[in-house]
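The values are calculated or read from the model by the stated rules, or taken from the named source; none is laboratory data. In this text the structure is predicted, and so the values were computed from the model without any measurement. Virtual Cβ from ideal backbone geometry, glycine too; neighbours counted across all protein chains shown. With ligands, DNA and RNA removed, areas are computed over all heavy atoms of the protein, side chains included. Shrake-Rupley method; radii C 1.70, N 1.55, O 1.52, S 1.80 Å.
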Amino acid sequence: MFNKINIFYGEHQSQFGVLRLPESPEPCPVIVLIHGGFWQSKYNLEENTPIAEDLALRGYATWNIEYRRIGEELEGWNSTFNDVIDAINHLTIIKESHRIDLAKVTVLGHSAGGHLALWLASRTNASQTDNEFNELAIGIQKVLSLAGVTDLTNMWEIHEQKGIKSPVAALLGGTPQEFPKRYKMTSPIELLPFGVEQVLIHGELDRHVPVELSINYYQIAQEKGDKVKLVVLPDIEHFKVIDPASSAWDIVVDSI
């Protein structure tokens, strides 16, 4: 079994995470979980509860994080990004009171959470430091992007072509033409290489985030010399990759 603890890393109601800690005498490896929902407040971390519980039962400490999203009061366009940094940094504060091994931290994100997971990996590169974002204080061993939004400009273009008001523009405060620097600073494909092991898992039947985003990202990451693996799953749609009852989830667990 495992213990479940809600822990706030900030003062806002969305600045918290749920730590699930296996009953083990030894410090447990940590998996940080970042949920999707195109960064919108109508979706929350409960989406990841089934996989958080599954992984905790397998012996991993899971830190399922919430963050401020589109539709909530934000301090600036970069608030969502700083929240995920602050959430993972908070592990350094709670490590003394909980049995977690920060030498073995994996970040797993689904959809928009996959975007944030890959972006977090880019922050481990000292050359990416800037004044817009807080400093990442945790080393990341591996990132798993499950149906992740790897390219923000491409995702915005796909929404435009479909006549959809793009959440990407809402996240960054405008279009790629209006804020090219913001897109370049936050789109994982623009920030390669990271020097962090990455696994991309994507279903061919995904209608929310086309599999081509992961394929294109994989090719460029390989060209740039990053250690990256791509798993394309036939007959799998967007949400099956976070369904513990699906065959896709077995592949995710094997990749961890």
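Among rounded, prolate and oblate, which fits the stretch 114-179 when a ≥ b ≥ c are the square roots of the eigenvalues of its C-alpha gyration tensor, a/c under 1.5 means rounded, and a/b larger than b/c means prolate? Oblate, because a/c is 1.5 or more while a/b does not exceed b/c.
A Cβ-based charge dipole, computed about the Cα centre of the stretch 186-256 with Lys and Arg at +1 and Asp and Glu at -1, lands at about 160 debye. Need the C-alpha centroid separation for the stretch 37-107 versus the stretch 114-153, integer Å. Computed from Cα coordinates, the inter-centre distance equals 13 Å.
Of all lysines in the structure, those lying under 19 Å Cα to Cα from K42, and not within fewer than 8 positions of it along the same chain, are K165. Quick check on the stretch 119-256: take the gyration tensor over C-alpha atoms, sort the square-rooted eigenvalues as a ≥ b ≥ c, and tell me if it's rounded (a/c under 1.5), prolate or oblate. Verdict is oblate for the stretch 119-256.
Per-residue surface analysis assigns W156 an accessible area of about 30 Å², computed on protein heavy atoms at 1.4 Å probe radius.
Solvent-accessible surface of the chain, averaged per residue with a 1.4 angstrom probe and all protein chains in place: 43 square angstrom. Which lysines, on any chain, are close to K227 with Cα under 22 Å apart, when same-chain ones fewer than 8 places away are left out? Within the straight-line cut-off, K227 pairs with K104, K142, K184. The order of M155, M1 by accessible area, most exposed first and with a 1.4 Å probe, is M1, M155.
Charge dipole (Cα centre; +1 on Lys/Arg Cβ, -1 on Asp/Glu Cβ; no other charges) of the chain amounts to roughly 180 debye. Just the number, please: percent antiparallel of the DSSP beta bridges in the chain, rounded to the nearest 5. Close to 30 percent.
Computed with a 1.4 Å probe over protein heavy atoms only, the accessible area of E26 comes to about 120 Å². Work out which trypsin sites (Lys or Arg not before Pro) in the chain are exposed loop sites (DSSP not H, G, I, E or B, at most 10 other Cβ within 10 Å) and give the longest gap free of them. After excluding every exposed loop site, the longest remaining stretch is 43-164.
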